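Colleague: Take a look at this one; I'll ask things after.
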Amino acid sequence: MSDNKKKISNIQMLAESAIMLALSVALNELTPIQFPFGGSVTFFSQLPILIIGYRYGIKQGLLTGFTMGVVEMLFGLKNFSYVTGIGSYLILALADYLVAFSVLGLGAMFKGKIKNQALSLASAGAVVSVLRFVCHFISGVTIWGGYAEDTPVFIYSLTYNGGYMLPELIITVIGALAIGSLFDLCSPKIRPLKRNKKGQEKDPA
């Protein structure tokens, strides 16, 4: 690859990452179900970051996810007023924002291992949703336990965070299956998947 082509490729990667980041942040603000103490069910907000990870690899995916975590943390700065102590601030920043959204960039974790593109992307979507849930669960049992009242803190965090992350997982997997079945995410420009004479996908993964 020439330096010129490599430069164009890098520009395209950065441009797509910025667009998908903006889309993900926008979708994350469209919350049909908002939980009272944080967390929500959204319309495919995890999917754009997942796609960037799938197209450009884990490093770029993690960077884009981390950037989304920074943006969401800025949106949620008021949450830091509800906790005290450097330890709580660190857990809140990492578990509820920086790590929680960074893991969404692991979209390529099954690329090449699962040949079917849709299944590869959907499987990654399920795993990153679980990883994000684990982050929020840790936050729930360490710094948000005061909201549990008479409920055991582990049960409280499990049910509360699972209440919105399970729908998020399902929505992400459905979206990943649809996008992965319709578009070639491995081509330089995203385009419809080509099909053979039998109507079967020529899977790019």
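The values are calculated or read from the model by the stated rules, or taken from the named source; none is laboratory data. Because the structure is predicted, anything quoted here is derived from the model rather than measured. Counting neighbours? That spans all protein chains shown, and the Cβs are built from the backbone with ideal geometry, glycine included. Surface areas here come from the heavy atoms of the whole protein model, side chains and all, with no ligands, DNA or RNA. Shrake-Rupley method; radii C 1.70, N 1.55, O 1.52, S 1.80 Å.
Colleague: Place +1 on the Cβ of every Lys and Arg and -1 on the Cβ of every Asp and Glu in the chain, take the dipole about the Cα centre, and give the residue among Gln117, Gly107, Met68 whose Cα lies farthest towards its positive end.
Modeller: About the Cα centre, the residue reaching furthest to the positive side is Gln117.
Colleague: Also: Go through Asp96, Asp150 and list them by solvent-accessible area, largest first, probe radius 1.4 Å.
Modeller: Final ranking, largest accessible area leading: Asp150, Asp96.
Colleague: With a 1.4 Å probe and all protein chains kept in place, how do Tyr56, Tyr160 rank by accessible area, largest first? All intermediate terms of the calculation are to be shown ahead of the outcome.
Modeller: Working: Tyr56 60, Tyr160 35 Å².
Most to least solvent-accessible, the answer reads Tyr56, Tyr160.
Colleague: Can you tell me how the stretch 104-181 classifies by the Cα gyration tensor, rounded, prolate or oblate, using a/c under 1.5 as the rounded cut?
Modeller: Judged from the Cα gyration tensor, the stretch 104-181 comes out prolate (a/c at least 1.5, a/b above b/c).
Colleague: Defining a contact as two alpha carbons under 8 Å apart and six or more residues distant in sequence, what relative contact order in percent does the stretch 1-111 show?
Modeller: 29
Colleague: Sum -39500 (n - 2.57) across every DSSP H segment of at least 4 residues in the chain, then divide by the residue count to get the 222 nm mean residue ellipticity, nearest 500.
Modeller: After summing the helix terms and dividing by the residues of the chain, the value is -20000 deg cm²/dmol.
Colleague: Between exposed trypsin sites (Lys or Arg not before Pro) in the chain, where DSSP calls loop and at most 14 other Cβ atoms lie within 10 Å, what's the longest gap?
Modeller: Maximal segment without exposed cleavage sites: 1-112.
Colleague: Cα-based Rg of the chain per 2.2 N^0.38 Å, rounded to two decimals?
Modeller: 1.10
Colleague: Return the distance in nm (one decimal) between the two label points of a simple spin-label model at Phe75 and Asp150, each offset 7 Å from Cα along Cα→Cβ.
Modeller: Distance between the two pseudo-spin positions: 3.6 nm.
Colleague: Would you please give the residues with an amide H less than 5 Å from that of Asp184, counting only those at least 5 places away or on a separate chain, with H modeled from the backbone geometry?
Modeller: When sequence neighbours closer than 5 places are left aside, the close amide H contacts are Arg191, Leu193.
Colleague: Using Cα pairs under 8 angstrom and six or more residues apart, how large is the relative contact order of the chain, in percent?
Modeller: Relative contact order for the chain comes out at 20 percent.
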